Amino acid sequence: MALSMPLNGLKEEDKEPIIELFVKAGSDGESIGNCPFSQRLFMILWLKGVVFSVTTVDLKRYLKLSPKHPESNTAGMDIFAKFSAYIKNSRPEANEALERGLLKTLQKLDEYLNSPLPDEIDENSMEDIKFSTRKFLDGNEMTLADCNLLPKLHIVKVVAKKYRNFDIPKGMTGIWRYLTNAYSRDEFTNTCPSDKEVEIAYSDVAKRLTK
């Protein structure tokens, strides 16, 4: 459902929305649902007199994008926090420890990606599957878990290389398989900023190591 918000002092013909606000739909799939974050932004836009439209989104329609395995939702969840601490640090004496912390979280993700999921194991087969060959966190198709992790993982790869000369180790085959598969999908590459834009965005965030 889409709504156009009335604004004081504007004629009807001048009320063409130039900003779209998407909010969680209610239980009927159309009315505005219970989401304090959406309501906060809704109120701010209205108070500021911004011309905008509101579209409610029925999240139940997107359940098919949810991972089948709960662990996929939390895989790699600590990486971005460790990366942020690493890239914002300006003390050379702390750099090594922070880099180890980042590597530890990357290793944990790599192990998850290389560990077979239950549906990759055929109990009737004599073959012992030790390593997963799946493309993404939860299988061979992208899920909401990938939508959450991949943009962050890409930033880590680009920014850490640019400002710390840090590469994700090639030995982390699970992560590199994951990234390679992501870069082959239009859903990721067509929504991903260029490496240069990512570097520019972090130019004031990344701190030089100074003695």
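See the values below:
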| read-out | value |
| --- | --- |
| Conditions (1) assigned to a helix (DSSP H, G or I); (2) surrounded by 11 or more Cβ atoms within 10 Å (Cβ to Cβ); (3) hydrophobic (A, V, I, L, M, F, W, C): number failed by Ile44 | (2) |
| Some residue of the range 141-150 being over 13 Å from the mean Cα position of the chain (by Cα) and surrounded by 12 or more Cβ atoms within 10 Å (Cβ to Cβ) | yes |
| Selection count where residues are loosely packed, with under 12 Cβ neighbours inside 10 Å and either in contact (Cβ under 8 Å) with a residue 24 or more places away in the chain or among the hydroxyl-bearing types (Ser, Thr, Tyr) (or both), scope the range 184-211 | 9 |
| Residue in the range 109-127 that is within 27 Å of Lys196 (Cα to Cα), open to solvent by 50 Å² or more (accessible area, probe 1.4 Å), outside any loop (DSSP other than H, G, I, E, B) and modelled with pLDDT of 95 or more present | no |
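Here's the yes/no breakdown for (1) more than 24 Å from Asn114 (Cα to Cα); (2) assigned to a helix (DSSP H, G or I); (3) of a type in the set (S, T, N, Q):
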residue	(1), (2), (3)
Val159	yes, yes, no
Lys162	yes, yes, no
Phe166	no, no, no
Cys192	yes, no, no
Ile200	yes, yes, no
Ser203	yes, no, yes
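The values are calculated or read from the model by the stated rules, or taken from the named source; none is laboratory data. Please read all numbers here as calculations on a predicted model, not as lab measurements. Positions of Cβ are generated from backbone atoms using ideal geometry, with glycine treated the same way; all protein chains shown enter the neighbour counts. Areas reflect the complete protein model, heavy atoms only, side chains present, ligands, DNA and RNA absent. Shrake-Rupley method; radii C 1.70, N 1.55, O 1.52, S 1.80 Å.
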